Amino acid sequence: MSKRWQYLTVEMSPSLLKGGPDPEKLQAELTKQGNLGWELVNMVHYGQLSPAVLIFKKEQ
């Protein structure tokens, strides 16, 4: 039987001082979602002033 997945995207606002997502906030978000059973699949970040998008999945 094939697996069914749920997907979640989380947008992380850029830190103007650090030129990308704040590493501490990023780590906190990854830990939070991991504790809820989500697995990080990818992170998309187009530039210093654009938000990063975290893409998670978990089995239904």
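The values are calculated or read from the model by the stated rules, or taken from the named source; none is laboratory data. Quick caveat, the model's predicted, so the values are computed rather than measured. Glycine gets a Cβ as well: all are built from the backbone with ideal geometry, and neighbour counts include every protein chain shown. Accessible surface is based on the protein model in full, side chains and every heavy atom, while ligands, DNA and RNA are left aside. Shrake-Rupley method; radii C 1.70, N 1.55, O 1.52, S 1.80 Å.
Which residue, Leu40, Leu30, Leu17, tops the fluctuation ranking in a GNM of the chain built on C-alpha contacts under 10 Å?
Leu17
Where only protein heavy atoms count, and the probe is 1.4 Å, what is the accessible area per residue for the chain in Å²?
Accessible surface, normalised per residue, equals 77 Å².
Mean residue ellipticity at 222 nm from the helices of the chain, using -39,500 (n - 2.57) per DSSP H segment of n ≥ 4 over the full residue count, to the nearest 500 deg cm²/dmol?
The helix-only estimate for the chain comes to -7000 deg cm²/dmol at 222 nm.
On the protein heavy atoms, probe 1.4 angstrom, tell me the percent of accessible surface of the chain carried by carbon and sulfur.
Looking at the chain in its full context, I get 52 percent from C and S.
Taking Cα atoms, how many degrees apart are the long axis of helix 23-35 and the longest axis of the chain, rounded to 10 and kept between 0 and 90?
10 degrees
Show Glu29, Glu24, Glu39 ordered by accessible area, largest first, where the area counts protein heavy atoms only and the probe is 1.4 Å.
Ranked list, largest accessible area first: Glu24, Glu39, Glu29.
Of the cross-linked pairs Lys32/Lys58; Lys32/Lys57; Lys25/Lys57; Lys25/Lys58, which ones have a Cα-Cα span greater than 18 Å in the structure shown? Mind showing how you got there, number by number?
Numbers: Lys32/Lys58 14 Å; Lys32/Lys57 14 Å; Lys25/Lys57 20 Å; Lys25/Lys58 22 Å.
Over 18 Å apart, Cα to Cα: Lys25/Lys57; Lys25/Lys58.
If you take every residue apart from Asn35 with its C-beta less than 13 Å away from the C-beta of Asn35, what net charge results, scoring Lys and Arg +1 and Asp and Glu -1?
On the way: positive: Lys32, Lys58; negative: Glu29, Glu39.
Neighbour charge sum, excluding Asn35 itself: 0.
Below 12 angstrom from the Cβ of Ser13, what's the summed charge of the other residues (Lys, Arg +1; Asp, Glu -1)?
With Lys, Arg at +1 and Asp, Glu at -1, the neighbours total -1.
Loop-only trypsin sites (Lys or Arg not before Pro) in the range 16-60, please: DSSP not H, G, I, E or B, and at most 14 other Cβ atoms within 10 Å. Display every interim value, and only then the final one.
Working: sites: Lys18, Lys25, Lys32, Lys57, Lys58; in loops: Lys18.
Those that pass, being in a loop and sparsely packed, are Lys18.
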